[in-house]
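Encoded as structure tokens, the structure appears first; notes follow it.
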Amino acid sequence: MATIHKIGRRKTAVARIYLTEGSGKITVNKKELEVYFPTGTLQYKVKQPLSMTNSAENFDVKINVYGGGITGQAEAVRMAIARAMCEVDAENRSILKPEGLLTRDPRMVERKKFGQKKARKKFQFSKR
């Protein structure tokens, strides 16, 4: 099997993954998964597509991720891995799609407008 390269995005985070056959080792920005994503919730999010397709021990994943915060990065990685699992086996799509792992979440931070304090918050109005 050749290396599979996929991209996942969430908010402003972009994750590029390289999936190869191996023993289940996950490396994020040249660090171990447990070091880069310290909380159990984030580790679960990253491993979710692999565990749902019962292939956690079959593949090595090398991940480059940048931009956004730690949660956005974890969800970007999750999407990239889910896309790669669909390319490995087309039957995985029917497992991952109902869970929403293949859907790009379009929610982004709304831009700040001029003459306002933030995107929607205004400066205090003074009548007199």
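For segment 66-128, what D do you get in µm² per second when you plug the Kirkwood radius from alpha-carbon pairs into Stokes-Einstein at 25 °C and 0.890 mPa s?
164
Please give every one of the aspartates and glutamates within straight-line cross-link reach of K97, meaning a C-alpha to C-alpha distance under 16 Å, and leave out same-chain neighbours fewer than 8 residues apart.
E75, E87, D89, D105
At what distance in nm do the modelled label points of T41 and Y18 sit from each other, each positioned 7 Å from its Cα along Cα→Cβ?
In this crude spin-label approximation the distance works out to 3.2 nm.
Between T27 and V109, what FRET efficiency comes out of the Förster formula 1/(1 + (r/R0)^6) with R0 = 22 Å and r the beta carbon distance, rounded to 0.05?
E between V109 and T27, to the nearest 0.05, is 0.15.
Please tell me the relative contact order of the chain in percent, rounded to the nearest whole number, where contacts are Cα pairs under 8 Å and at least six residues apart.
Result for the chain is 30 percent.
Using alpha carbons only, how many degrees (0 to 90, rounded to 10) separate the axis of helix 70-88 from the longest principal axis of the chain?
It is inclined by approximately 40 degrees.
Extending each Cα 7 Å along its Cβ direction at E34 and Q124, get the distance between those two points in nm, one decimal.
Result: 5.2 nm between the two label points.
Values in this text are rule-based calculations from the coordinates and carry no lab data. All values derive from a computational prediction rather than experimental measurement. Methodologically, a virtual Cβ is constructed for each residue, glycine included, from the backbone with ideal geometry; neighbour enumeration extends over all protein chains shown.
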